[in-house]
1. Could you compute Rg(Cα) / (2.2 N^0.38 Å) for the chain, with N its residue count?
2. Would you mind counting up the charge near Leu81? Only other residues with Cβ under 9 Å from its Cβ, with Lys and Arg at +1 and Asp and Glu at -1.
3. Quick check on my link table: of Lys207/Lys262; Lys59/Lys297; Lys59/Lys167, which ones sit more than 30 Å apart, alpha carbon to alpha carbon?
4. Going by how many other beta carbons lie within 10 Å of each one, how would you line up His38, His134, fewest first?
5. Kindly state, as a whole number, the per residue volume in cubic angstrom of the convex hull around the alpha carbon atoms of segment 193-303.
6. If contacts are Cα pairs under 8 angstrom and at least 6 residues apart, what is the relative contact order of segment 154-264 in percent?
Amino acid sequence: MKRRDFLQQSLAATTLIGLGGLGLQSFTGTTKKITILHTNDVHSHIDPFGPEDGRNPNKGGVARRAGLIASIRQENPNTLLFDAGDIFQGTPYFNYYGGELEFKLMSMLKYDAATIGNHDFDNGVDGLFAQLPHAKFDFICANYDFTNTVMDGHVKPYKIYMVDGVKIGVFGLGVELDGLVDKKMYKETVYLNPIEIAQDMSDLLAKKEKCDLVICLSHIGYQYKDYPNRPSDLNLAKATEGIDLIIGGHTHTFLDKPTVVKNRLGHKMLVNQVGCYGINLGRIDFYFDSGKNKLAKGVSIVV
């Protein structure tokens, strides 16, 4: 595709964002397109909302999401699918099946990975462990130390994907559990500072592993206006470097498109979150030129 045609087609849909220190004028050569799809805080919502629902009539539902994801994958096979936590709790499906149905359906939708939310401990760390055989995708979380629990060895701090020659590093972060989850539920799980861990992970992935794209799956929350110094996605983005995209959860924040944030070096990166209950599907398209420069555009799609 010629650069002018590529820019005209892309700009017609949504605004392109040059990541890092890149401007649009720097983008040249052959392009590769990687699509990132994501959900968060689905909370066991398997069925769509009914037509009588006051806020979300006829929205959501795993079957509709499956059709949408299949259509996007047909459009671009170079697609990854992630979840930012709180898969469990919210409907009788969880109360009855304990998470089995959620994991089986996510496996059918071919999720690549998910991070762990606080409600994923609602049947305890043992309950989470018991459902792992039904999950055909990876769990990624770098700031929960599960060493002295049954989850030890079953959660990865990060994973690297090779997609069409593009090296993509993904790591996960969880919210502080103390005061949010009963201690007997998470037992000896140790929480580590997410901002410090995020910088360690981004240094590892961007510098040592030479990843072309670094993504954080975060369940620490988008922003806390009443607690401005609390770890959040926006604070994390501003305090670190090397991350291209934060896929967020926990605060049920509905964004129509990703927030553009300048990191501690003044370079642009993206933060996105798509609300809750499977109502929306996040989509971020990354474009790479022959020099591995990055452009991105993103949107929240109503399911």
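FYI, it's all coordinate maths here, none of it is from the lab. Since the structure is predicted, the reported quantities are computational estimates derived from the model, not experimental observations. Quick reminder, even Gly has a Cβ in these numbers, built from the backbone with ideal geometry, and neighbours come from all protein chains shown.
1. Numbers: Rg = 18.6 Å, N = 303, 2.2 N^0.38 = 19.3 Å.
The reported ratio for this selection is 0.96.
2. Values: positive: Arg73, Lys110; negative: Asp83, Asp112.
Taking every other residue near Leu81 into account, the sum is 0.
3. On the way: Lys207/Lys262 19 Å; Lys59/Lys297 24 Å; Lys59/Lys167 34 Å.
Violating the 30 Å Cα-Cα cut-off are Lys59/Lys167.
4. Numbers: His38 27, His134 17.
Fewest to most other Cβ atoms nearby, the residues stand as His134, His38.
5. So the per-residue Cα hull volume is 101 Å³.
6. Working: 165 pairs, mean separation 28.0, N = 111.
Reported as a whole number, the value is 25 percent.
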